[in-house]
Amino acid sequence: MTAKVVTISSGKGGVGKTTTTANLAVALASQGQKVTCIDADIGLRNLDVVMGLENRIVYDLVEVVEGRCRVRQAMIRDKRLPELYLIPSAQTRDKNSVSPSDMIALCDELRPEMDWILIDCPAGIERGFRNAIAPADLVLVVTNPEVSSVRDADRIIGLVEAEEKGPAQLIINRLNPALVKRGDMLTAEDVLELLAIELIGVIPEDENVVISTNRGQPVTLDGKNRAAVAFHNIARRLRGEKVPFMNLEEKDGFFDRFARLFRTGGSNA
Amino acid sequence: MSSNVTIKGIKEGLLVTMGEGNWNDLKEALFRQIEDKAAFFQGARMALDVGPHVIHAAEMGVLRDRLAEKNITLWAVLSTSQVTEHTAQNLGLVIRLVSARPETEAQAEALSRMADTTISSSEERALFVQRTLRSGYKIEFPGHVTVVGDVNAGAEVIAGGSVLIWGKLRGVVHAGAGGDEKAVVCAMELTPTQLRIASKVAIPPKRKGKLLPEMAFIQDGQVVAEEWTAKGK
């Protein structure tokens, strides 16, 4: 077994990197995969809260890197699923406590035991970002259908290409079909036309995500609402399955547009 | 052993010059020096002159990260190799040192120095870029620039001559940056954030719908755009 290392990144803060990481991890694990998530946002840790594992932290990423504990000791097992682990970040340190080569070494140690290693990248393009993408086999860029986050995603995609980690794949998060229909929100097509990379998923705006995130119960755990289905679909696409894009609009029209998007793949457009 | 690596202090920090020899040996020599004089290098801002050595992105990224682990910031890479310059630009590093003179004068001098290297008439030189320029990417060139791909918002193209974009222009373009008022800017969709020709600045109005290819140029002291057709101006 050799794990694939996937870094979830965005440039801009607050677009849903951590929520996406937690939900993709839950989705993959509930499909029977062995998954470890690493929170690379040192000094501003969140992934443990979103996953509801905050009170079980004993050791963290920095302590692993500094050799003060073994990797296994820092891995918190999520008891709700058979093979889901979290390596939490340190809250009292900063990004410089870890280097890109530390991250590569850590992932190499975990690779033989896992199917997937998901890294939650901090916002920004500095040291923390470089730490998070150094070990990546694949970079997923999360963006919201809104101009400023698309601009930052464009920058990130360029940097990922420059670091020869490309081509990145795109997740459009918090798409609101009603707003799109009124012409008040960028459509998935608009975003894709601008960023010109392959789309791997569209997550509809869903209040269940906010509710479950606050409870530390990733929305994908019970898996009934549309956001959960969307995360499950991304997990299946990561595993190489061809899954058609979801119909975000109850009525007709939308599906055909998404189906068209999927066929062209959006790459090299 | 380490005589091929020279270090000197400049206004912007340290300038490390790599001489001749095997690149890996040079690199290790540099790191040995850093180990030996850790206190001296602590927190330094380093410009690295690699001469003709060809360095690809992954390699340069690793070097930058290794330096960062020693608490050294690599901010510039100078090279006579175009590949290495490209790599450095891709990683967002500075590729020319400009001393603290008035900016326009310094730019003019840098432009003329670049132009001098091969052909004296800078107008006849052109750069061909076959990729989409994403946000944060900047191209500076003394001659003409042709881009096959889009120039996204947040990207910049600064050219001594004209700029021709076979794609959508959404970022910032400065044509005739050295003062050439005859420079033009052409694009399949001309919707820049800002357009500059010589010393004139234009902020185009927002437009919707399908646009035709257009060419912008200076007419009566103003930047104007008209349809870009085969017959030319």
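Only the coordinates and a few stated rules stand behind these numbers; no lab work does. Every value quoted in this text rests on a predicted model; they were computed, and no experiment measured them. For neighbour counting, all protein chains shown are included, and Cβ atoms are generated from backbone atoms with ideal geometry for every residue, glycine included.
Residue pairs exceeding 24 angstrom between C-alpha atoms, taken from A:K181/B:K210; A:K12/B:K138; B:K27/B:K138: B:K27/B:K138. Determine the percent antiparallel among the DSSP beta bridges restricted to the range B:1-94, to the nearest 5. Approximately 40 percent, going by the DSSP bridge assignments. Each of A:C121, A:C107 was scored by other Cβ atoms within 10 Å of its Cβ. Arranged with the fewest first, they read A:C107, A:C121. Once you reduce the range A:98-176 and the range A:207-245 to the center of their Cα atoms, the two points are 20 Å from each other.
Excluding A:E83 itself, what net charge comes from residues whose Cβ is under 10 Å from its Cβ, given Lys and Arg +1 and Asp and Glu -1? Let's see the in-between values first.
Values: positive: A:K34, A:R77; negative: A:D78, A:E113, A:D115.
Every neighbour counted, the sum reads -1.
For A:M103, B:M188, the sequence from fewest to most other C-beta atoms within 10 Å is B:M188, A:M103. Between B:E35 and B:I203, the modelled labels are 5.6 nm apart [label points 7 Å from Cα along Cα→Cβ]. Here chain B has an Rg and Dmax of 20.5, 66 Å, counting Cα atoms alone.
Averaged over the residues of A:129-136, the number of partner chain Cβ atoms lying within 10 Å of the residue Cβ comes to 1.
Shape of the range A:4-264 from its Cα gyration tensor (a ≥ b ≥ c, root eigenvalues): rounded if a/c is under 1.5, otherwise prolate when a/b > b/c, or oblate? Prolate is the answer for the range A:4-264, as a/c is 1.5 or above and a/b outweighs b/c. Note on chain B: GNM, Cα springs under 10 Å; of B:K37, B:K168, B:K208, the largest mean-square fluctuation is that of B:K208. At R0 = 25 Å, how high is the FRET efficiency between A:E189 and B:E227 if r is their beta carbon distance? Nearest 0.05 is fine. The calculated FRET efficiency here is 0.40.
Remark: spin-label model distance B:R45-A:E207 equals 5.1 nm, labels positioned 7 Å along the Cα→Cβ axis.
A simple spin-label model places pseudo-atoms 7 Å from Cα toward Cβ; at A:N176 and B:Q82 they are separated by 4.9 nm. Counting only DSSP H runs of at least 4 residues, each contributing -39500 (n - 2.57), and dividing by the residue count of the protein assembly as shown, the helix-based mean residue ellipticity at 222 nm comes to -9000 deg cm²/dmol.
Taking a ≥ b ≥ c as the square roots of the Cα gyration tensor eigenvalues, with a/c under 1.5 meaning rounded and otherwise prolate when a/b beats b/c, else oblate, which class fits the protein assembly as shown?
On the way: a/c = 2.54, a/b = 1.21, b/c = 2.10.
Oblate, because a/c is 1.5 or more while a/b does not exceed b/c.
Taking square-rooted eigenvalues a ≥ b ≥ c of the alpha carbon gyration tensor, is the range A:25-148 rounded, prolate or oblate, where a/c under 1.5 means rounded and, failing that, a/b exceeding b/c means prolate? Taking the square roots of the gyration eigenvalues as a ≥ b ≥ c, the range A:25-148 is rounded. Set the Förster radius R0 to 56 Å, insert the Cβ-Cβ distance between B:T6 and A:V147 as r into 1/(1 + (r/R0)^6), and round the FRET efficiency to 0.05. Approximately 0.75, to the nearest 0.05. Springs between Cα atoms under 10 Å define the GNM used for chain A, and in it the highest mean-square fluctuation of A:E193, A:E63, A:E164 occurs at A:E164.
Summarising the strand pairing of chain B, around 35 percent of its internal DSSP beta bridges are antiparallel. Computed from the C-beta positions of B:E69 and B:Q219 and an R0 of 51 Å, the FRET efficiency is 0.40 to the nearest 0.05.
Using only Cα atoms, figure out Rg for the range A:167-247 and give it as a multiple of 2.2 N^0.38 Å. Don't skip to the answer; put the middle values down first.
Details: Rg = 13.3 Å, N = 81, 2.2 N^0.38 = 11.7 Å.
This ratio for the range A:167-247 stands at 1.14.
Most simply put, the range A:4-264 has about 5% antiparallel DSSP beta bridges, counting only bridges with both residues inside it. Ignoring lysines fewer than eight residues from B:K206 along the same chain, the ones with Cα atoms less than 19 angstrom from its Cα are B:K168.
Based on Cα contacts under 8 Å between residues 6+ apart, the range A:4-264 shows a relative contact order of 23 percent.
Mean-square fluctuations from a GNM of chain B, with a 10 angstrom spring cutoff on Cα atoms, peak among B:N24, B:N90, B:N71 at B:N24.
Look at B:S81, A:S89, B:S199, A:S212 and count the other Cβ atoms within 10 Å of each Cβ; fewest to most, that gives B:S199, B:S81, A:S212, A:S89.
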